[in-house]
Amino acid sequence: MNVQRGKLVSGGRLQVPADIRRALGLSDGDSVTMQVIDGELHIKPYRDVIAGVRERLRPFISEGASLADELIAERRAASEIE
């Protein structure tokens with residue numbers, strides 16, 4: 001993709017060109033993460049960041065396990081001890 005020009009507008013809003021939004025699969029209201037690396041702004045769709053975290057955690061989670069259910073069970077057990 002060629003370099004695109006965006007614009008910083010009032011309230012600190014950043015206008016992202018339509019071509020870039022389409023390339024990233026972004027729609028109005030989507031969340032993104034922003035990070036400055038070596039003086040450059042890097043923007044990623046939030047869903048991609050979450051997918052990456054899930055992929056890295058996959059080896060540590062049993063197939064079919066529900067982390068929410070495990071957490072609830074642990075909290076209930078802890079409250080019974082108190």
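Only the coordinates and a few stated rules stand behind these numbers; no lab work does. Since we're looking at a predicted model, the values are computed, not measured.
Values for this structure:
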{"item": "Mean residue ellipticity (222 nm) of the chain, computed from DSSP H runs ≥ 4 via -39,500 (n - 2.57), nearest 500", "result": "-12500 deg cm²/dmol"}
{"item": "Computed over the chain, Cα set: Rg, Dmax in Å", "result": "19.8, 61"}
{"item": "Tilt relative to the chain, helix 67-81 - C-alpha long axis, 0 to 90 degrees, to 10", "result": "40"}
